[in-house]
Amino acid sequence: MAATSKNLQNVLIFKLIKIFIFLSLLSCAREETSRAEFALGTVCTVTLFENGQRTIYNNIFSGLREIEKLMSVNIPVSDVSRVNAAAGKEKVPVSKDVFAVIERAVFFAEISGGAFDPTVGPLISLWGIGGDNPRVPSHEEIEKTLVLVNWRNIELDTETRSIFLKYPGMALDLGGIAKGYAAGVAAAIVKNSNLERAIIDLGGDIVVFGEKQDKSPWRIGIQNPNPDERRGVYIGVLQIPGKENTQQTIVTSGVYERFFEKNGRHYHHIFSPWSGYPSENGLLSVTVIAEASMDADALSTSVFVLGYERGRRLIENKPGVEAVFVFEDNSVRITPGVDFRLTDRTFRIES
């Protein structure tokens with residue numbers, strides 16, 4: 001009897017161990033509402049709500065880091081760094097992802113009349129904004145550097161999927177479009193995982209996917225773009241209608257993102273490819289709303305550099321694209337399809 005009781009006890013213990021292992025595995029597979037990690041040089045936050053499996057989060061963040069490895073100018077072995085190192089010497093084969101992004105960057109350079117220019121790398125290096133030692137270069141330095149900034153000197157070979165920069169010293173910088181591409185990749189993973197809703201925030205490039213559970217619009221705050229204002233203070237809220245299995249991307253370019261001050265003057269990181277200086281046209285920020293993430297990213301930079309009149313015309317020629325313009329005098333202008341509610345009454349909407 002004692003032996004039978006002992007055997008029964010062992011069986012029960014074994015079953016309890018199996019149950020414990022099963023529950024532990026189940027716990028590991030439990031859904032995460034949200035996850036934040038550092039990637040693409042910023043804090044990226046992905047919220048998958050009620051269906052957020054860890055494997056999906058892992059796939060998304062692995063995808064973001066792979067894009068960073070391919071496109072960052074701060075990684076010496078990235079495809080973009082290799083293209084820059086070979087400038088004026090030889091063409092460089094690149095991954096299909098990098099080729100697609102550069103090809104799209106050239107497209108936006110063309111339609112914006114050069115306001116968006118992926119060869120702005122030498123200017124970014126010259127000023128050093130966002131680095132440890134930003135400075136105001138001399139006029140002579142800027143003029144010398146501007147010779148290297150011209151998107152027309154990019155050669156794309158579709159047969160060999162390679163890129164050639166015509167002159168030594170040229171350098172690509174995909175900072176105005178790569179995050180948009182990454183946001184699109186993340187959204188595609190969400191869609192292919194059959195999730196119903198998600199928010200992807202890549203340090204300001206925001207994608208809303210699907211519908212909220214209560215069918216109400218997505219609400220996205222627009223940052224107060226005055227450089228002295230702290231992050232997370234909004235001038236108003238965009239209301240974006242959700243649609244099943246569809247995404248909308250919201251991207252803002254503004255003077256508050258990366259900047260430094262010298263002798264009482266504010267220098268931000270969005271350069272005019274024509275003057276070589278930070279763009280000055282009365283705008284503090286431009287927010288673009290579009291379905292395609294890469295387009296929203298490139299357009300926000302293009303429109304900011306072009307200024308209100310030319311920038312708005314560019315937006316109006318792109319079906320399904322909307323924008324919010326915030327000016328130095330605290331006025332705000334919006335395109336007709338935008339549902340934007342001011343919350344800061346020091347700003348005003350003008351027609």
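Along its principal axes, the range 75-165 has C-alpha extents of 42, 31, 23 angstrom, given from the largest down.
Angle of helix 293-306 to the longest C-alpha principal axis of the chain, folded into 0 to 90 degrees and rounded to 10: 30°.
Neighbours of residue 246 by Cβ distance under 12 Å: Lys/Arg scored +1, Asp/Glu scored -1, total -1. As a proxy for reagent exposure, ranking 106, 233, 92 by other Cβ atoms within 10 Å from fewest up yields 233, 106, 92. Less than 12 Å Cβ to Cβ from residue 184, Lys/Arg counted +1 and Asp/Glu -1: what total charge do the surrounding residues give? Net charge in that neighbourhood comes out at -2.
Sorting the segments 116-126, 279-289 by their residues' average number of neighbouring beta-carbon atoms within 10 angstrom, most packed first, yields 116-126, 279-289. Expressed as a whole percent, the proportion of Cα-Cα pairs in the range 190-232 lying more than 16 Å apart is 50%. Which links in 96/166; 166/262; 144/166; 191/243; 144/318 stretch past 24 Å when you go from one Cα to the other? Over 24 Å Cα-Cα: 166/262; 144/318.
A cut-off of 5 Å between modelled amide H atoms, ignoring neighbours fewer than 5 places along the same chain, links residue 349 with 332. Once each part is reduced to its C-alpha centroid, what is the distance from the range 90-137 to the range 300-349 in angstrom? Here the answer is 24 Å between Cα centres.
Read-outs throughout are calculated quantities, based only on the coordinates presented, and are distinct from any laboratory measurement. The structure presented is a predicted model; accordingly, all values stated were derived computationally and were not measured. Backbone-built Cβ (ideal geometry, glycine too); neighbour counts: all protein chains shown.
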